[in-house]
1. Which one of A:L101, A:L114, A:L133 is farther than 13 Å from A:A155 by Cβ and surrounded by 20 or more Cβ atoms within 10 Å (Cβ to Cβ)?
2. What number goes with the only condition from (1) more than 14 Å from chain B (Cβ to nearest Cβ); (2) in a helix (DSSP H, G or I) that A:T206 does not pass?
3. Within the stretch B:90-111, count every residue that is over 18 Å from B:A310 (Cα atoms) and either of a type outside the set (D, E, K, R) or not in a helix (DSSP H, G or I) (or both).
4. Please go through the stretch B:212-236 and give me each residue that is of a type in the set (A, V, I, L, M) and either surrounded by fewer than 24 Cβ atoms within 10 Å (Cβ to Cβ) or out of contact with any strand residue (DSSP E or B) (no Cβ under 6 Å at 6 or more places or on another chain) (or both), ordered by number.
5. Of all residues in the stretch A:78-93, which are more than 14 Å from the ligand (Cβ to nearest atom), open to solvent by 20 Å² or more (accessible area, probe 1.4 Å) and of a type in the set (V, I, T)?
6. Somewhere in the stretch A:134-155, is a residue away from chain B (no Cβ under 14 Å), away from the ligand (no atom under 13 Å from the Cβ) and basic (K, R)?
7. Among (1) touching a residue at least 60 places away in the same chain (Cβ under 8 Å); (2) in a helix (DSSP H, G or I); (3) over 18 Å from B:W292 (Cα atoms); (4) open to solvent by 40 Å² or more (accessible area, probe 1.4 Å), there is one condition A:E325 misses while meeting the rest; what is its number?
8. Here is a check on your reading of the model: is A:A158 under 16 Å from the mean Cα position of the chain (by Cα), farther than 30 Å from A:A390 by Cα and within 13 Å of the ligand (Cβ to nearest atom)?
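The values are calculated or read from the model by the stated rules, or taken from the named source; none is laboratory data. Remember, it's a predicted structure, so these values are computed and weren't measured experimentally. Cβ coordinates were reconstructed from backbone atoms using ideal geometry, including for glycine residues, and neighbour counts include every protein chain displayed. When the accessible area is computed, the model is the full protein with side chains, heavy atoms only, and any ligands, DNA or RNA have been set aside. Shrake-Rupley method; radii C 1.70, N 1.55, O 1.52, S 1.80 Å.
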Amino acid sequence: MTVTAEELRTRVRDLLAAHPVDRTASADFLRARFDAGLAWVHYPEGLGGLGAPRSLQAAVDAELAAAGAPDNDPRRIGIGLGMAAPTILAYGTDEQKRRFLRPLWVGEEVWCQLFSEPGAGSDLAALGTRAVLDEQAGEWVVDGQKVWTSSAHTARWAILIARTDPTLPKHRGITYFLCDMHDPGVEVRPLRQITGEAEFNEVFLTGVRIPDAHRLGPVGDGWAVARTTLMNERVSIGGMRIPREGGMIAPVAAAWRGRPELRTHALHQRLLELWVEAEVARLTGERLRQQLVAGQPGPEGSGMKLTFARLNQEISGLEVELLGEEGLLYEDWTMRRPELVDFTGRDAGYRYLRAKGNSIEGGTSEILLNIVAERVLGLPPEPRDDKDLAWKDLAR
Amino acid sequence: MTASPASPASLPVTAPPGPAAPLDLLYSETEEGLRAAVRSLLADRCDAAAVLARAESGTPHDPALWHTLAADIGAAGLLVPEKLGGQGASHREAAVVLEELGRAVAPLPYLTSSVLATEILLGCDTPDVAPLLRELAAGRRVCVPAVPLTLAPGAPLPAPVKDAGGGVLTGTVTSVADAAAADVLLVLADTGLYAVPAASAAPTPLVPLDLTRPLARITLDAAAGTRLADPATARAAVAGALLSGAGLLASEQLGIAEWCLTRTVAHVRERHQFNRPVGSFQALKHRLARLWLDVASARAAARAAADALATGSPDAPLTVAVAQAYCSGVAVRAAEECVQLHGGTGMTWEHPAHLYLKRAKADSLALGTAGHHRGLVADFAELPAP
Ligand SMILES: Cc1cc2nc3c(=O)[nH]c(=O)nc-3n(C[C@H](O)[C@H](O)[C@H](O)COP(=O)(O)OP(=O)(O)OC[C@H]3O[C@@H](n4cnc5c(N)ncnc54)[C@H](O)[C@@H]3O)c2cc1C
């Protein structure tokens, strides 16, 4: 029995009637929305959803937004929504799902991702952070260092992968944990970035004790669990609906129209090329969304992140040039600790610099091109001589 | 449906950032059925060896194959309303046919007769038009516009042909595509649009870069034509046809690019050098992955143009310009990569890669270059030149 669009509309109306938006605190409204199954409608009942088709979510969001309902600020809690939640849903125990999904979705608990390490980025499975079981206490003792951790300074919880058996080949000795960022032994140090601010961090883990109940998935199966996280990380971008001339092209086009003195023929040609490419990217994303709704997902999803990374970089580069003398200036180099990445509220220099991360974060463009070449086109995999060696015997 | 002969000169300008009209970018079941029929016909009767042999023979068109596609499958009449003997389908279906024709570099006058000439005729209003459309839709006659293949939507229309009075026409038109296959030419003269029997127009074959779409110079020396439209109607009809043609050409370009990508991927998986498949080298993997992304994007752009034309959306001119500005380059790049990644084989006459490169390059000039279409985007999106 699946829920229909009509039933969802009734539920939205009931929610709004029972919790008038002008008289309900925003957190209360969000909790009620979760409990009504209108948080992510395709999740199971009791866990924020109703087991409805995923495609019906957009209508629910739109209707609630139109009614002026508060939203949970997906940009601030993106890692939780986009990565931790689907992984917990897929691999968590009932207890874990009940404990974590609601505060995650409401935004009361921010999540971060403790995956990358100084010695393990693209080659994530090479990670060396150790987790050793203290059998008597039923707790894991974790030691190691993570790096480039976005939002670690605002996060209450983390998804963490650590090595639990160094004698096995690297993909097989990993286990996945849910780590309390307030635990003694977790130390977060800001890492200042190319933009001047510190949006990501180093995280040092020293004797951190994680109860076995916070292990996600079986011991030694962490790589399979992590792949669920990574897959969700990469596809979350393609399904979004953007308006024509939305995204990075908007401020450039506005500057072009509003400030004729900046125009040159050479910039015009580049602007038109990028405008066309941005429009084609929008259409490609729209086609992907239509495929998903029609239940025939295409492989295009693996490509959208690549396309957006390249376009964002080229467009923001053009924008700095277009601004001429102003392009020589930067808004503010003060070291800051932002809660979110804000491409629109900042100046062109910031956009240019921050966009450089788009082809690195969430898997580099080179790694994603490998994935497209191998999984979509069926080209031979990269030669691997590390696959069957025990992790402890790998060259480091 | 009847195509609306919108004139680019008077096209509505999409206001920036223009709420884009909702588009259906997928393929319907009917479209997939049509695709399967066209593809299997071409696989049987129009493989690369056959295309090459015909191109070399100097008469690339295959009338028997054309008859099957046009009449038996009914592809020639897709844009023609049922009451005029056509299928009453739309640009969406015609686009699917063009994808398949591009994939086979088929030397058939589909773009010229079933799209451009058909759209011009649909934009005319004299009684002589209906019988001609019936003949076209039934695949009994081929009719092509006597304009240079490079003529672009939004560009000033030429009228080098003079009417000495009563439809007695004199003038020369160069680079007319598929004139050799035509029974009737649609001639744009100073006094309107005329149907001229091809036999009385002395088409002189030119040596084309693209062997699969032959070009000719048309010389009219007091040739008799039947008037189909007055000058204003004629110009609007031609302008509308150029818009549709450019939009649907994007689908042909998509088909070319797809074939090139698929064949290249197959080749680099098979071909071994340095004791491994050359497709296992990352430099090639990344190039092909990028090309795949471009092809996926070209599909979205081409579908958008076909759908916007089919629904007569006010957004069509911009969507067509975007599709042309994008898909031309993708087809050429795909064909160039195909030649390069086939190595020496790719440079040989026997391998079909060159047919695709020549078609892709010629297509990038046909109905307006990418640069021309970017200029149109500048107008529609209000991003004026300095
Ligand atoms: C803004 C930002 C936020 C981030 N947030 C997080 C976070 O919250 N949590 C987290 O865990 N991580 C985070 N990361 C880390 C990110 O996932 C890694 O930086 C990324 O996976 C690349 O790893 P690396 O930095 O070690 O680069 P390396 O793996 O050392 O790569 C160096 C270069 O070599 C290339 N390369 C590597 N391997 C190959 C190969 N096989 N073939 C071809 N080229 C290759 C790469 O593409 C790159 O250009 C973040 C990164 C950035 C920039």
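1. A:L101
2. A:T206 satisfies all of (1) more than 14 Å from chain B (Cβ to nearest Cβ); (2) in a helix (DSSP H, G or I) except (2).
3. Residues flagged as over 18 Å from B:A310 (Cα atoms) and either of a type outside the set (D, E, K, R) or not in a helix (DSSP H, G or I) (or both) within the stretch B:90-111 amount to 8.
4. Of everything in the stretch B:212-236, those that are of a type in the set (A, V, I, L, M) and either surrounded by fewer than 24 Cβ atoms within 10 Å (Cβ to Cβ) or out of contact with any strand residue (DSSP E or B) (no Cβ under 6 Å at 6 or more places or on another chain) (or both) turn out to be B:L215, B:A222, B:A223, B:A224, B:A232, B:A236.
5. Listed by number, the list holds a single entry, A:T93.
6. Looking for residues that are away from chain B (no Cβ under 14 Å), away from the ligand (no atom under 13 Å from the Cβ) and basic (K, R), one finds none in the stretch A:134-155, hence no.
7. Result: A:E325 fails condition (1) only.
8. So A:A158 fails the test.
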